[in-house]
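Below is one structure, written out as structure tokens, with a few remarks after it.
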Amino acid sequence: MPDAERKTARTTLGLLLVIYVVNHIDRQVMYILAEDVKADLLISDAQLGWLMGGAFAIFYTFAGLPIARLADRGNRTRIITISLLLWSAMTVASGTARGFMGLLAARIGVGVGEAGCTPPAHSMISDVFPPEKRASALSTYSLGVPLGTLFGLAAGGYLAQELGWRSAFFVVGVPGVFLALIAKLYLREPERGRFDTDTDLQQDSLARTFSFIVGLGAMRHVLIATALQTLFLAGAGAFHASFLRRVHGLSGSEAGLTLGLVAGFAGGFSVLAAGWMADRLGTRDVRWHFWIPAIGALVSLPFSFVAYSTGNTSLAVAMIAVATVFNHAYSGLTHTIMQGLVKPRMRATMSAVALFTMNLVGFGVGPVLLGVLSDAYGAEGGLSAALRMLLVFLAWSILHYVLGARSYARDLNAKIPSSLSTA
């Protein structure tokens, strides 16, 4: 890439990363505020699960697809800017809720707004970076998850302790309004499909797009694998702060800072390292895109089990940190797999389909299921037992990563028209 194009690509990626960090700050702050919200509004763990995952995920997923279809044919930067403004305003509104239903409505608004962020962002990144650089680029974008978690949990815990949970929502929501103005001024729409000259650049109908996606064996398995892994990670992530506060006696600010540092450093290292490894090992065998998250999930299992079983606080935190290094390797790589398998004007739609399954199954089921299990097991050890139960879904995801690798190399060629593939 020429220097000017490289600079533009890095600027685009950098701004999209900052927006994604804000996206996850506004989402993750609810996790650290959960205990304060529960005590103030007098709600159950199951209701907390709906606030942290269920309702948010349902509206996030169903809003994502029509927004993504618009992004595949329209201006992606405008969609991201409007979405950023909406979810930031709804985060501020969360602090004004006077009951469960009011807060639920505000969190639904956050979900609808955030649905317009990642699908067009994935599409844009795939248009400013060539295929051999996409794993690193998409993994860099995925840093928004651990960095947003770091700031959301650490700042949320401190703000709740000093100002109260309502003010915490206001403080983390307002910066997004100003960031939307910066995005409006500096985020530029890239040329669509500039690195995909050998593929069909026309937008297919929604039916043909779905038919193409489900017709790929590698795609079916990566969608199932990411949904299952996200179910565990979303459920555990939603209740980790409550786990440290109830089981290990940490304060809100202590739990927020601890988990924020774990997510920011362990999670951030994992995402970047996995992308770097995939770009290099993938040149020898593209199946490493599947094998890396499979190995990561497998290695993380015993560390997670010990974390939720021990009564030693330091050991529990250390085990969560080690598990995070391995079980977050999937984050950028699975999106790299999916973006590489589809045609250029399917990419935002593909991202929306991926987020549909990951959020509906992961965030929609994970926190709610964990909350229900915790209530069922009871106060004494219930949350620890529920966290251990969810590990079965992480183990299940490994099978689909391994199965998906088998047809991945062949499925990568499905997007090339037969007239070109036989030329």
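Take the Cα of Val392, go 7 Å toward its beta carbon, and the backbone nitrogen atoms of the stretch 206-239 under 17 Å from that spot belong to 228-233, 235-236.
Accessible area ranking (1.4 Å probe, heavy atoms, ligands and nucleic acids excluded), largest first, for Leu163, Leu17: Leu163, Leu17.
Got a number for carbon plus sulfur as a percent of the stretch 320-423's accessible area, 1.4 Å probe? Carbon and sulfur: 66 percent of the exposed surface of the stretch 320-423.
Placing a pseudo-label 7 Å from each Cα along the Cα-to-Cβ vector at Phe210 and Arg280 gives an inter-label distance of 4.2 nm. Mean separation of Cα pairs under 8 Å and 6 or more residues apart, divided by the residue count, gives the stretch 1-151 a relative contact order of 40 percent. Among the listed values (1) 0.93; (2) 1.19; (3) 2.82, the one computed from these coordinates for Cα Rg over 2.2 N^0.38 Å is (1). The candidates Tyr158, Tyr408, arranged from most to least accessible area with a 1.4 Å probe in the full protein assembly, appear as Tyr158, Tyr408. When the chain is modelled as a GNM with alpha-carbon springs shorter than 10 Å, which of Met219, Met319, Met30 fluctuates the most? Its mean-square fluctuation being the largest, the pick is Met319.
Compute the acute angle (0 to 90°) between the alpha-carbon long axis of helix 165-186 and the principal axis of greatest extent of the alpha-carbon atoms of the chain; round to the nearest 10°. Around 20 degrees separate the two axes. Taking every alpha-carbon pair under 8 Å whose residues sit at least 6 apart, the chain reaches a relative contact order of 28 percent.
Within the listed set Ala55, Ala323, Ala207, the Gaussian network model of the chain (springs between alpha-carbon atoms below 10 Å) gives the highest mean-square fluctuation for Ala207. Counting only protein heavy atoms and a 1.4 Å probe, the chain has 38 square angstrom of accessible area per residue. Net charge in the neighbourhood of Met277 (other residues with Cβ under 15 Å of its Cβ; Lys, Arg +1, Asp, Glu -1) is +2.
Tell me, how many Å apart are the Cα centres for the stretch 82-114 and for the stretch 230-287? Here the answer is 25 Å between Cα centres. Calculated mean residue ellipticity, 222 nm, the chain: -25000 deg cm²/dmol, from DSSP H runs (n ≥ 4) at -39500 (n - 2.57) each, averaged per residue and rounded to 500. Under the criterion of Cα pairs below 8 Å and six or more residues apart, the relative contact order for the stretch 79-184 equals 44 percent. The modelled label-to-label distance between Ala414 and Ala39, using points 7 Å beyond Cα along the C-beta direction, is 5.2 nm.
Packing order of peptides 287-298, 381-392, highest average first: 287-298, 381-392 (average count of other Cβ atoms within 10 Å over each peptide's residues). Taking Asn75, Asn359, Asn23 in turn, the Gaussian network model of the chain (Cα-Cα springs below 10 Å) assigns the largest fluctuation to Asn75. Using the Cβ of Tyr308 as centre and a radius below 13 Å, the other residues enclosed give a net charge of +2, where K and R count +1 and D and E count -1.
Between Val18 and Thr313, the contour length at 0.36 nm per residue exceeds the alpha carbon distance by 102.9 nm.
Listed by chain and number, the lysines whose alpha-carbon sits under 30 Å from that of Lys184, ignoring those within fewer than 8 places in the same chain, are Lys7, Lys133, Lys343.
The distance between label points at Ser251 and Gln161 comes to 0.4 nm (points 7 Å beyond Cα on the Cα→Cβ vector). Accessible area per residue (1.4 Å probe, heavy atoms of protein chains only) ranks Arg284, Arg69, Arg10, Arg194 as Arg284, Arg10, Arg194, Arg69, with the largest value leading. Over the stretch 33-152, with every protein chain in place, what whole percent of the accessible area is carbon and sulfur at 1.4 Å, could you tell me? On the stretch 33-152, the fraction of accessible area on carbon and sulfur atoms equals 71 percent.
The values are calculated or read from the model by the stated rules, or taken from the named source; none is laboratory data. Given the structure is predicted, the values throughout are model-derived calculations rather than measurements. Every residue, glycine among them, receives a Cβ derived from its backbone with ideal geometry; neighbour counts consider all protein chains shown. The protein model used for the area step is the full one, side chains on, heavy atoms only, and it has no ligands, DNA or RNA in it. Shrake-Rupley method; radii C 1.70, N 1.55, O 1.52, S 1.80 Å.
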